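First the structure, in the form of structure tokens, and then the observations on it.
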Amino acid sequence: DAGVIQSPRHEVTEMGQEVTLRCKPISGHNSLFWYRQTMMRGLELLIYFNNNVPIDDSGMPEDRFSAKMPNASFSTLKIQPSEPRDSAVYFCASSLGATGAEKLFFGSGTQLSVL
Amino acid sequence: KNEVEQSPQNLTAQEGEFITINCSYSVGISALHWLQQHPGGGIVSLFMLSSGKKKHGRLIATINIQEKHSSLHITASHPRDSAVYICAVHRAQKLVFGQGTRLTINP
């Protein structure tokens, strides 16, 4: 398996533009997580899905952020409109379950810069 | 106070030294993860443990549930071990992360 695949690797955009980040989890994994990493706050959970259903989105900073998982092999994280404070590295991860007792597999991340 | 505290924040050592990174947490958890983030940014899961000790190669992770404390040890450290090591605890179906320990091993 190719592992968790994220795209794009880097995204530079201007304030106000819509940004869409994409993730393909490992085949067979039924939990998918979106994390954001910044220097100030470290890694933070934004949202996670179990069997394609959003379970906890309490980490989503505000209504400008939305995430979808239309099927077991694809998820998107959208920011509209984007702001400079959204600049961060966004990681997608997947696992076989969501109890916490499963190993997490991370994608390479998307480095987002909002100018 | 953060729910997950790591120490030290930064650690520099010489090749071959024995390394210990500590993680303390303040809430009940179901599991604790140790992650490694290399300078290129990729994150790799090293260990997931809920009790006792686990070993993989030169890496050893221990956890004391009663004391709410975990340690990550690296024996015979090598420059390729240079990375940020992140402790994360699993509770209420989500991971809470420590701020990470930046480890630099000099040849």
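For the options A:41, A:64, A:22, a Gaussian network treatment of chain A with springs between C-alpha atoms closer than 10 Å singles out A:41 as fluctuating the most.
Projecting label points 7 angstrom from Cα along Cα→Cβ for residue B:9 and residue B:93 puts them 3.4 nm apart.
Take the solvent-accessible surface of the protein heavy atoms, probe 1.4 Å, and return the percent of it on chain B that carbon and sulfur atoms account for. Taking all protein chains in place, chain B shows 49 percent carbon and sulfur surface.
Less than 11 Å Cβ to Cβ from residue B:82, Lys/Arg counted +1 and Asp/Glu -1: what total charge do the surrounding residues give? Net of charged neighbours comes to 0.
Using all C-alpha to C-alpha distances in the stretch A:3-69, build P(r) with 10 Å bins and read off the rounded percent in each one. Over the stretch A:3-69, the share of Cα pairs per 10 Å bin runs 17, 50, 30, 3 percent. Structure remark: mean-square fluctuation, Gaussian network model of chain A, C-alpha springs under 10 Å; the largest value among A:101, A:88, A:72 belongs to A:101.
Considering only the Cα atoms of the protein assembly as shown, their convex hull presents on average a projected area of 12.2 nm². Just the protein heavy atoms count here, and of the accessible area of chain A at 1.4 Å, carbon and sulfur take up 52 percent. Per residue, chain A exposes 49 Å² of solvent-accessible protein surface, assessed with a 1.4 angstrom probe and all protein chains in place. On the principal axes of its alpha-carbon atoms, chain A has extents of 37, 28, 27 Å, going from largest to smallest. The simple Förster model, with R0 at 45 Å and r as the Cβ-Cβ distance, assigns residue B:30 and residue B:78 a FRET efficiency of 0.85. What FRET efficiency do you get for residue A:87 and residue B:50 if R0 is 25 Å and r is their Cβ-Cβ distance, rounded to the nearest 0.05? Plugging the Cβ-Cβ distance into 1/(1 + (r/R0)^6) gives 0.10. Of all beta bridges that DSSP places with both ends in chain B, some 90 percent have antiparallel geometry.
Put simply, chains B and A cover up around 1500 Å² of each other's accessible surface, both sides summed, when a 1.4 Å probe is used.
Sorting A:29-35, B:91-97 by their mean Cβ neighbour count within 10 Å, with the most densely packed peptide first, gives A:29-35, B:91-97. Across the protein chains, with a 1.4 Å probe defining accessible surface, the residues B:46, B:35 rank B:46, B:35 from largest area downward. From largest to smallest, the equivalent ellipsoid semi-axes obtained for chain B from the alpha-carbon gyration tensor read 23, 14, 12 Å. Applying 1/(1 + (r/R0)^6) with r as the Cβ-Cβ distance of residue A:20 and residue B:17 and R0 = 35 angstrom yields a FRET efficiency of 0.20. In this structure, the amide hydrogen of residue A:109, modeled 1.01 Å from its nitrogen in the peptide plane, lies closer than 5 angstrom to those of A:6, A:92, counting only residues at least 5 positions away or on a different chain. The HN-Hα couplings worked out from phi for the stretch A:65-77 by the Karplus form 6.51 cos²θ - 1.76 cosθ + 1.60 (θ = phi - 60°) are 9, 9, 9, 9, 9, x, 8, 5, 10, 7, 9, 10, 10 Hz, whole numbers, x standing for Gly and Pro. When the pairs A:24/A:78; B:55/B:94; A:103/B:94; A:103/B:54; A:24/B:54; A:24/B:68 are compared against a 23 Å limit on Cα-Cα distance, B:55/B:94; A:24/B:54; A:24/B:68 fall above it. Solvent exposure of chain B amounts to 48 Å² per residue of accessible area, where only protein heavy atoms count and the probe is 1.4 Å.
The values are calculated or read from the model by the stated rules, or taken from the named source; none is laboratory data. Given the structure is predicted, the values throughout are model-derived calculations rather than measurements. No Cβ is skipped: glycine too gets one built from the backbone with ideal geometry, and neighbour counts run over all protein chains shown. When the accessible area is computed, the model is the full protein with side chains, heavy atoms only, and any ligands, DNA or RNA have been set aside. Shrake-Rupley method; radii C 1.70, N 1.55, O 1.52, S 1.80 Å.
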